[in-house]
Amino acid sequence: MSNNFSPLKAVGCSLTRHHFKTSRVVNERIEELCCSKCGKQMTKTIYGDFVPLNDRYAQINRALNDVAQKRKRAGLVPA
């Protein structure tokens, strides 16, 4: 997790909405997003919910990414 979140810019985002872009694809269902204006980081869960990317979710995403990579290398999932 990077610490480039700007609280002052977040005030502007609270008025005009965040502009999230995908910063990392964890697997086919989960991705990490970052606001291009203020730097706030969010993650998309398997249920489609957007939650703030904290240490807990970052650790979960790393573990899920490791599992997805191992499955891909083993040929269990088409590339």
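The values are calculated or read from the model by the stated rules, or taken from the named source; none is laboratory data. Quick caveat: nothing in here was measured; it's all calculated off a predicted structure. Neighbour counts are summed over all protein chains in view; Cβ atoms, including those assigned to glycine, are modelled from backbone coordinates with ideal geometry.
Taking residues in the stretch 1-23 that are β-branched (Val, Ile, Thr), and partners anywhere that are at pLDDT 70 or above and surrounded by 12 or more Cβ atoms within 10 Å (Cβ to Cβ), the pairs with Cβ atoms closer than 7 Å and at least 6 places apart or on different chains are Thr22/Glu31; Thr22/Leu33. Scanning the stretch 19-36 turns up no residue that is over 16 Å from the mean Cα position of the chain (by Cα) and modelled with pLDDT under 90. Which of the residues that make up the stretch 16-46 are out of contact with any strand residue (DSSP E or B) (no Cβ under 7 Å at 6 or more places or on another chain) and within 20 Å of Lys72 (Cβ to Cβ)? Within the stretch 16-46, Asn27, Glu28, Arg29, Ile46 qualify.
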